[in-house]
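The values are calculated or read from the model by the stated rules, or taken from the named source; none is laboratory data. The shown structure was predicted, so the numbers you read here are calculated from the model rather than taken from an experiment. Neighbour counts are summed over all protein chains in view; Cβ atoms, including those assigned to glycine, are modelled from backbone coordinates with ideal geometry.
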Amino acid sequence: MWYKFRTYIVCLCLAASMALQAQELSSGARISLLTCAPGEELYARFGHTALRVCDTANDMDIVFNYGIFDFNTDHFYWKFVKGETWYELGATPYWWFMREYEDEHREVYEQVLRLTPEQQETVWKALVANYRPENRKYLYNFVFDNCATRPYVLITKALGDSIRSDYKGWTGCSYRAFIRHYTGRHSWANAGINLLFGPRADRPMDSGARLFLPEELMRYMEQAYTPDGTRLVEEGAIGAFAAPCTPWYAAWETGLAIYFLCVLAVSLHDRRRGRWSWWVEAAAGIPYGVLLLIVVFLTFFSIHPLVGFGWRLLIIPVVHLCARLVYIIR
């Protein structure tokens, strides 16, 4: 969901020092949840989540980030769709982390968590253990195991699974509608996702399932409290993620309409001359056939829970058939 490849340089420089900084946190340490606004790239469209550990007494201000990946990996998006992408935990200085987002003009919202020294120590030790080379990598899953779910799990474990929240958000909505909010209803990215997602993406989410997206986790934590009524967020500010807006001329519906008109024009021409242009079927059928093969393959071999065959795949042939009826029906 994030991060430029050059961050690996900093991670490598910190690897040795982190092993030496496994000491206990001071009483003045603070742990914060960082939520980063969306970026322009598709993988950054959903925002990002990280944990900041600030301990001035130990001269330490580090951001732990479960969103490190090598975008130069061969066939990255293909592996991402199959659910076979390996991410890892990175640790960078706070100033470096902020500079990355300042360069991209993306807001970073910080929520300082009200944790006891014991709870902070639990989170800290878990982060240090996860940062060890043998534990650093994990099999990323966009919905169930990502940069937002991992920090949330660490926090809930430290609190003994006692977090409550009045925030309802997208509870009861489908995964498809939830994701569409961040990709843009009329964008080509949303159209592609809809073609790849099967019926499981239309299942309603429960209150916990929606926390895989950073903005929902941020809003959930803003209203979170412990059983005694104590607010979990001690201080901090949050902001709204701007929903992407696709101009009409760049919308997938416009592209589909242009395709319909082109095929319709060919059909009218074929009707006048009394001949069938088979190349139109070939030009449309070959890419569509490849798409079907990809979806069928992913339905049976992808470990991603939402990928599968759905009725939306029939939109393309139906539009093509409707445009061809001018010639077929005489």
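Exactly one residue out of V307, V326, V280, V263 is β-branched (V, I, T) and under 30 Å from H181 (Cβ atoms): that is V307. The residues of the stretch 231-282 that are in the same structural domain as G192 (by TED's automatic domain parsing), basic (K, R) and surrounded by 12 or more Cβ atoms within 10 Å (Cβ to Cβ) amount to a single one, R271.
Taking residues in the stretch 145-170 that are touching a residue at least 24 places away in the same chain (Cβ under 8 Å), and partners anywhere that are basic (K, R), the pairs with Cβ atoms closer than 9 Å and at least 6 places apart or on different chains are S165/R219; Y167/R219; G169/R210; G169/R219; W170/R210. For the stretch 140-155, the criterion of being surrounded by fewer than 17 Cβ atoms within 10 Å (Cβ to Cβ) and within 15 Å of L113 (Cβ to Cβ) is met by at least one residue. Pairing each residue of the stretch 295-322 that is in the same structural domain as A257 (by TED's automatic domain parsing) and surrounded by fewer than 17 Cβ atoms within 10 Å (Cβ to Cβ) with any residue that is in a loop (DSSP other than H, G, I, E, B) and at pLDDT below 85, provided the two are 6+ apart or on different chains, yields C-beta distances under 6 Å for I303/G83. Identify all residues within the stretch 168-188 that are in a helix (DSSP H, G or I) and farther than 23 Å from P287 by Cα; write none if there are none. If the condition is that a residue be in a helix (DSSP H, G or I) and farther than 23 Å from P287 by Cα, then Y175, R176, A177, F178, I179, R180, H181, Y182, T183 are the ones that fit. Against the criterion of being free of Cβ contacts under 8 Å to residues at least 24 places away in the same chain and either over 16 Å from Q23 (Cα atoms) or touching a Lys or Arg at 6+ places or on another chain (Cβ under 9 Å) (or both), W78 qualifies. Looking across Y220, Y259, one residue alone is outside any loop (DSSP other than H, G, I, E, B), closer than 30 Å to L113 by Cα, in contact with a helix residue (DSSP H, G or I) (Cβ under 8 Å, 6 or more places away or on another chain) and in contact (Cβ under 8 Å) with a residue 40 or more places away in the chain. It is Y220.
If only residues of the stretch 272-294 that are without any contact (Cβ under 8 Å) to a residue 40 or more places away in the chain and not in a helix (DSSP H, G or I) are counted, the one that is nearest to E84 (Cα to Cα) is S277. Taking residues in the stretch 189-213 that are part of a loop (DSSP other than H, G, I, E, B), and partners anywhere that are of a type in the set (F, W, Y), the pairs with Cβ atoms closer than 6 Å and at least 6 places apart or on different chains are G198/F309; L213/F46.
Restricting L292, L306, L298, L325 to residues that are more than 23 Å from W78 (Cβ to Cβ) and either modelled with pLDDT under 95 or not basic (K, R) (or both) narrows the list to L325. Selection of first residues in the stretch 29-43 that are modelled with pLDDT of 95 or more and of second residues that are of a type in the set (S, T, Y) and assigned to a strand (DSSP E or B), restricted to Cβ pairs under 6 Å at least 6 apart or on distinct chains, gives the following pairs, ordered by first then second residue: T35/T49; T35/Y109.
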